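Q: Sharing a structure here in structure tokens format.
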Amino acid sequence: MKKRFLSIALFSLFAIGLFTVSCEGDPVEYCEPYTVCEGHEVTACCTDDGSNYSCVYKYNGKEYDNIEDLTDDLNCTSAIVLKSSVSEDEVRQSIMAELAALMERAHAGLRAMKEFK
């Protein structure tokens, strides 16, 4: 009787442990690449691990959660301004709008992946 009880208890602990581990899945990540400013490759990535949802821009080996810092590091407004008649501020706003649209595509891609699963 004691052996049976011990076997059932061990099996129950094993089953509970297996169930707990199997419920934790890998995080879902979706990344959307985009080329901005004539050759600068920027990627927007969104990740959802069930309890945390985060999105970042990736450029030149760094991650950015602030679109203004990324725009500063891209440093491509002056080259565009020289080629056109628009101001540097207008070019900066245009680049930031492109990057915001990129992040929206990354959000949409992650939602689509989660719905598909």
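The values are calculated or read from the model by the stated rules, or taken from the named source; none is laboratory data. None of these values were measured; they are calculated from a predicted model. Neighbour counts run over all protein chains shown; Cβ positions are idealised from the backbone, glycine included.
Q: Could you tell me whether segment 80-103 includes any residue that is modelled with pLDDT of 80 or more, within 19 Å of the chain's Cα centre (by Cα) and charged (D, E, K, R)?
A: Yes, segment 80-103 contains a residue that is modelled with pLDDT of 80 or more, within 19 Å of the chain's Cα centre (by Cα) and charged (D, E, K, R).
Q: Considering only residues that are under 13 Å from Thr71 (Cα atoms) and either among the small types (Gly, Ala, Ser) or surrounded by 13 or more Cβ atoms within 10 Å (Cβ to Cβ) (or both), look in segment 46-60 and name the one that is farthest from the chain's Cα centre (by Cα). Full working, then the answer.
A: Going residue by residue through segment 46-60, those that are under 13 Å from Thr71 (Cα atoms) are 57-60.
In the following step, the residues that additionally are either among the small types (Gly, Ala, Ser) or surrounded by 13 or more Cβ atoms within 10 Å (Cβ to Cβ) (or both) were identified as 57-59.
Numbers: Tyr57: 7, Lys58: 9, Tyr59: 13 Å.
It comes out as Tyr59.
Q: Give me the strands (runs of 3 or more DSSP E) completely within segment 38-80, filtered to those with at least 1 residues that are touching a helix residue (DSSP H, G or I) at 6+ places or on another chain (Cβ under 9 Å) and small (Gly, Ala, Ser), ordered by residue number. Give the derivation first.
A: Details: elements: 40-48, 53-59, 62-64.
So the answer is 40-48.
Q: Among the residues of segment 30-44, what is the count of those that are in contact with a Ser or Thr (Cβ under 9 Å, 6 or more places away or on another chain) and surrounded by 16 or more Cβ atoms within 10 Å (Cβ to Cβ)? Full working, then the answer.
A: Here is the first cut: in segment 30-44, the residues in contact with a Ser or Thr (Cβ under 9 Å, 6 or more places away or on another chain) are 30-34, 37, 41-42.
So of that shortlist, the ones also surrounded by 16 or more Cβ atoms within 10 Å (Cβ to Cβ) come out as 30, 32, 34, 37, 42.
Matching residues across segment 30-44 total 5.
Q: Looking at segment 48-79, which of its residues are at pLDDT 95 or above and touching an Asp or Glu at 6+ places or on another chain (Cβ under 6 Å)?
A: Hit for segment 48-79 is Val56, nothing else.
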